[in-house]
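Chemist: There's a structure below that I have some questions on.
The values are calculated or read from the model by the stated rules, or taken from the named source; none is laboratory data. Only a predicted model underlies this, so the values are computations on that prediction, with no experimental measurement involved. Quick reminder, even Gly has a Cβ in these numbers, built from the backbone with ideal geometry, and neighbours come from all protein chains shown. Each accessible area value is taken on the protein alone, full model and side chains, heavy atoms only, with ligands, DNA and RNA left out. Shrake-Rupley method; radii C 1.70, N 1.55, O 1.52, S 1.80 Å.
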Amino acid sequence: MRVACLLHVYFIIIISTLLFANNKDNPPDKITAIQTHQEITIDGLLNETIWKENKGISYFKQRNPIEGSDPTQKTIVYIAYDDKYLYIAAHLYDSSPDSIVARLGRKDEKIDTDLFGVFIDPYHDKRSGFYFGLSAAGTYYDGVLFNDDWDDDSWDGVWIGEAKINSEGWSVEMRIPFSQLRFKEEKHPVWGINFRRDINRNGEEVFLTYTPKNESGFVSRFTDLVGLEGIKPSKNIQFLPYVRAKSEHIQTQKGNPFNDGSRQQFGFGADFKYGITSNITLDGTINPDFGQVEVDPAVINLSDFETFFSERRPFFIEGASIFRFGRGGSNSNWGFNWGDPSFFYSRRIGKAPTGPRPNSTEFFDRPDGSRILGAGKITGKIGDGWNVGLVTAVTDREFADVQYQDGKRGKYEVEPLTSYNVLRVQKEFNEGRQGLGLISTAAIRKFKNDALRDYINSEAYSFGLDGWTFLDKNKTWVINGYTGFSSVHGNKVKITDLQRDPRHRFQRPDFKYATFDTNATSLNGYAGRFAINKQKGNWIFNSALGFIDPGFDTNDLGFLWRTNLVNAHIAGGYKWTEPDEYFRQITIIGSAFGSQDFDGNNIGQGLWFNARFTTLSYNYFGLGGSYNPASKNINRTRGGPITLNKAGIVFFSWVGTDSRKDISANLSADLYNGESGSKSYGLNLDINWKPSDNFSLSLSPGFNWNFPDVQWVGAFSDSGATRTYGTRYVFGEMRQITFSSSFRANWTFSPVLSLQVYVQPLISSGNYSHFKYLARGNSYDFREFGGGSSSLGFENGFYSGNADGDGPAESLSWYNPDFTITSLRGNAVLRWEYLPGSTFFLVWTQSRFGYENIGDIRFNKPFPDRFLNNQPDNIFLAKLTYWLGI
């Protein structure tokens, strides 16, 4: 009997232990929000009875540094709501309050600090949502979640929160208006919710539910949030009027009657937001101010391809994630010598006028950009999980002021009235296991000056389909991809010019796939890419096949890197995510890749590898490289015949220190060595210093040495160049040295008041020598001028060359291409959010630019006297916005 009783007791103990262990090691199935009628003061003190009388949520697990372990510090989170607001409060206990890292930064700035955040999935679609966070110093964070794993901090909500450090650690309170969230009206709402806490000194990240390091999916793991009975979506009516004053002091042509270099401009307008339904929001703007606060970086581009600059204007970057195309479903999209064509590149809207300067003009004053008369954006969900985005904008007809040589003045149209339109629709099925979407764009122009038709497309359309599907129930393998087409219309002159564009080069004499048609009034093409990715596990795998037809063109409203390309890769590797005796994480990956053009020419192939190591002390280093066998080059002669690329190798490496320290650094180096003799080297250093919790400095100097043995000089008609189709393609060996740096200072006085200063000096010189010409197509056969029977001379800044001296070849002449370019640009931005959603900006931007026809940097005096003494371009801007919510 005693044995039976003991066995019974042991059985109860074992069952109880298992039950408690299960409760401890698994997050709660659901969390219930508590309705409150009590006024909650958002002060970070948690004095209200609703916080004191409820148990809260205390279950958390580490993701870093030790996955699945209990947190080193206790956290308790509370959730409450009333008719208008969702309230989040948390006690973030800390056994060493004096060790809390409470760094202050501007809103959404990525800084190393203790922080707390809440993630919300109001649609409960397990794919998208919002996040809100506070650092221990009170810095605000917010943004949107999408594609289950990704986030975008460009969205700015209007909410309030406070953080306070106390003797037990620190605490936070947040008040999030329901008007800032999108959700369906339901009798018994079920949302998804998750929490995160960072303990910076330990490198510790703890979550209510975390994504294992060798898996994927974040929003789909959220715990259910229930109890929100009675809440209703609001109309979400918001107004944001603005006033702006701008003063320009810039260099201009002497005697310019239209611009003496000093201009003052004043403006006003308003943005508005209206909740058409609980799921659909209309964003609009009247007389918008689309000037950007930050400056674009200076670059030296010696190719004939366009440079890509990121969008910085708030109206376009907010909610931009819904317009992302072609990469959904997968958490990793790789590319080797591949750039996805963009169907929507918002910087096309409001771009600088394209029309040329008319003949016989003495003065010509062109606007910097096309004025946007109005723009609207509709985003949200309709029906059963259809995501919808629509952007429409109209830019004004722009005129330049001109004074002709006879003294007469007038207006000359340089940009037509233009309508830009983008539609994006996407549907997710089976809890995100499949997705299907489309994108459609249209740019339509109305001309008054018919001469502009020779320079600007009259209409441009594009359409694309994208989607994904997971191949297994665990969502380990996914296939995603897209396909699309474009159609551009214009007159014969413009479409002929478009066929000659560097992205198309239909005029190439040995191009067989496409026909150069000078009578064409349209250009059409297609593109697509399909990929497979392994989402989970320590083993890594990714492969893709992409193609871009030579006639494909989305540049009127998108961005196109290149065409005439069939590209594929297969890549894989392994990642060690569990810390060992020396390393916290190791990843080693490699790939094989190759590209062809539509004629079947091998235009690039290679083998690539990369290895990354993170030590237990959060320092890191890595190395990698690639081998590129011989291939063909369809771009070197810029519309001429194919040439060959000789084999080459690339090596790169980097090393960095723990970014949590007051001083951290990263050093990277790269080199290229080609069999042809071409070489390049790069050395870049990033130094970050945080002398106090609210002040940081960063300095990023870099040196690059580029020594190509065939650098483009020009193409010249020469009847003697029979083996290169009657054109002599001239190149030179170049020694280019570039020094660039960026300096940033961030001074954050409070969570709502900050000052940022950015300065970027750049110096680049190119020295040309050993001028040569291409002897025959489909080769790497270059003959140097001055050798054998050829000749080379130099006089009065011009080179003269003849391929065969007294033979039938024609004498050529070209300007000395040596250069030294100096640039210094920067800005200072004071930002004060004096009320939630209402901001005052003060901005100063300065830029200097210099050019000399010499090919050597003088390091003892890199900036010439005239560069420093010349009047810089200065722009001063003050802007005030005021947020009104109804």
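Chemist: Scan the stretch 138-232 for trypsin sites (Lys or Arg not before Pro) in coil per DSSP, keeping those whose Cβ has at most 11 other Cβ atoms within 10 Å, and list them by number.
Modeler: Those satisfying the criteria are 187.
Chemist: Using the Cα centre of the stretch 504-544 as the reference point, and only Cβ charges (+1 on K/R, -1 on D/E), how large is the resulting charge dipole? Debye, rounded to the nearest 20.
Modeler: Numbers: 6 positive and 2 negative charges, 59 e Å.
The dipole of the stretch 504-544 has a size of about 280 debye.
Chemist: Further question: So, taking all protein chains as they sit and a 1.4 Å probe, how much accessible area belongs to residue 144, in Å² rounded to tens?
Modeler: 20
Chemist: Quote the convex hull volume per residue of the stretch 393-492, based on C-alpha atoms, as a whole number of Å³. All intermediate terms of the calculation are to be shown ahead of the outcome.
Modeler: On the way: hull volume 12.7 nm³, N = 100.
Here the figure is 127 Å³ per residue.
Chemist: On average, how much accessible surface per residue is there in the chain, in Å², for a 1.4 Å probe, leaving out ligands, DNA and RNA?
Modeler: Value for the chain: 45 Å² per residue.
Chemist: Measuring from label point to label point, each 7 Å out along Cα→Cβ, what is the residue 359 to residue 759 span in nm?
Modeler: Computed distance between label sites residue 359 and residue 759 equals 4.8 nm.
Chemist: Which label belongs to the value computed from this structure, given these candidates for Cα extents along the principal axes in Å: (i) 120, 66, 56; (ii) 131, 55, 44; (iii) 163, 83, 48?
Modeler: From the options (i) 120, 66, 56; (ii) 131, 55, 44; (iii) 163, 83, 48, the structure gives (i).
Chemist: Could you tell me the distance between the Cα centroids of the stretch 486-531 and the stretch 729-752, to the nearest Å?
Modeler: When both Cα centres are located, 35 Å separates them.
Chemist: Now, a different point. Please give the length that would be gained between residue 524 and residue 798 if that part of the chain were fully extended, namely 0.36 nm times their separation in residues minus their C-alpha to C-alpha distance (nm, one decimal).
Modeler: Extending this stretch completely gives an extra 94.5 nm.
Chemist: Additional query: Could you rank 229, 833 by how accessible they are, 1.4 Å probe, largest area first?
Modeler: 229, 833
Chemist: Also: In nm, to one decimal, how far is the residue 277 label point from the residue 667 one, both placed 7 Å along Cα→Cβ?
Modeler: Going from the residue 277 label point to the residue 667 one covers 6.0 nm.
Chemist: Sticking with this one: How large is the accessible surface of residue 258 in square angstrom, using a 1.4 angstrom probe and rounding to the nearest 10?
Modeler: Result for residue 258: roughly 50 Å² accessible.
Chemist: Out of 266, 526, 561, whose Cα points farthest toward the positive end of the dipole of the chain (charges: +1 Lys, Arg; -1 Asp, Glu; placed on Cβ)?
Modeler: 526
Chemist: Right, something else. Relative contact order for the stretch 688-807: what is it in percent, counting Cα pairs under 8 Å that are at least 6 residues apart?
Modeler: Taking the mean separation of contacting Cα pairs over the length of the stretch 688-807, I get 20 percent.
Chemist: Same structure again: For residue 357, what accessible area in Å² do you get when you roll a 1.4 Å probe over the heavy atoms of the protein chains, rounding to the nearest 10?
Modeler: 110
Chemist: Just list whichever of 411/446; 30/61; 52/164; 107/164; 512/632; 494/632 have alpha carbons separated by over 21 Å in the model shown.
Modeler: Pairs exceeding the cut-off: 494/632.
Chemist: Which far-off residues, 5 or more places away or on another chain, put their amide H under 5 Å from the one on residue 169, with H placed in the peptide plane?
Modeler: Answer set, sorted by chain and number: 94.
Chemist: Per DSSP helix of 4 or more residues, -39500 (n - 2.57); summed, then divided by the residues of the chain. What does that give at 222 nm, rounded to the nearest 500? Working shown, then result.
Modeler: Working: 5 runs with 46 residues, N = 886.
The helix contribution divided over the chain gives -1500 deg cm²/dmol.
Chemist: Magnitude of the Cβ-charge dipole of the chain, K/R +1 and D/E -1, about the Cα centre, nearest 20 debye? Provide the component values of the computation, followed by the final result.
Modeler: Details: 93 positive and 98 negative charges, 163 e Å.
In total the dipole reaches around 780 debye.
Chemist: Which percent of the accessible area of the stretch 779-849 is formed by carbon and sulfur heavy atoms (probe 1.4 angstrom)?
Modeler: Within the stretch 779-849, the accessible surface is 56 percent carbon and sulfur.
Chemist: Compute for the stretch 728-886: radius of gyration divided by Kirkwood radius, i.e. Rg/Rh, restricted to C-alpha atoms, rounded to two decimals.
Modeler: 1.26
Chemist: Loop only per DSSP, at most 15 neighbouring Cβ atoms within 10 Å: give me the trypsin sites (Lys or Arg not before Pro) in the stretch 407-442, ordered by residue number.
Modeler: Loop-located and lightly packed - 408.
Chemist: Let me ask you something else. Can you work out the base-10 log of I(q)/I(0) for the stretch 66-116 at q = 0.18, 0.26, 0.32 1/Å, using the Debye formula on its C-alpha atoms alone?
Modeler: Values returned for q = 0.18, 0.26, 0.32 Å⁻¹ are -0.86, -1.07, -1.15.
Chemist: A further question follows. What residue among 707, 668, 878 has its Cα farthest toward the positive end of the dipole of the chain, where the charges are +1 on Lys, Arg and -1 on Asp, Glu, each on the Cβ?
Modeler: 707
Chemist: What FRET efficiency would be calculated for the residue pair residue 516, residue 679, taking the C-beta separation as r and a Förster radius of 51 Å, to the nearest 0.05?
Modeler: Numbers: r = 36 Å, r/R0 = 0.70.
The calculated FRET efficiency here is 0.90.
Chemist: What trypsin sites (Lys or Arg not before Pro) does the stretch 436-491 have in DSSP loop regions with at most 15 other beta carbons within 10 Å?
Modeler: Taking the stretch 436-491 and a limit of 15 other Cβ atoms within 10 Å, the loop trypsin sites (Lys or Arg not before Pro) found are 448, 473.
Chemist: Through the Karplus equation 6.51 cos²θ - 1.76 cosθ + 1.60, θ set to phi - 60°, convert the phi angles of the stretch 614-629 into ³J(HN,Hα) values in whole Hz; use x for Gly and Pro.
Modeler: Computed from phi, the couplings for the stretch 614-629 are 10, 7, 4, 8, 6, 7, 8, 7, x, 8, x, x, 8, 10, 10, x Hz.
Chemist: Under 8 Å for C-alpha pairs, at least 6 residues apart: give me the relative contact order for the chain, rounded to a whole percent.
Modeler: Computed over the chain, the figure is 8 percent.
Chemist: Convert each backbone phi in the stretch 347-358 into a coupling constant with the Karplus relation 6.51 cos²θ - 1.76 cosθ + 1.60 (shift: θ = phi - 60°), then list the ³J(HN,Hα) values in order as whole Hz, x for Gly and Pro.
Modeler: The phi angles translate into 5, 5, 7, x, 5, 5, x, 9, x, x, 6, x Hz.
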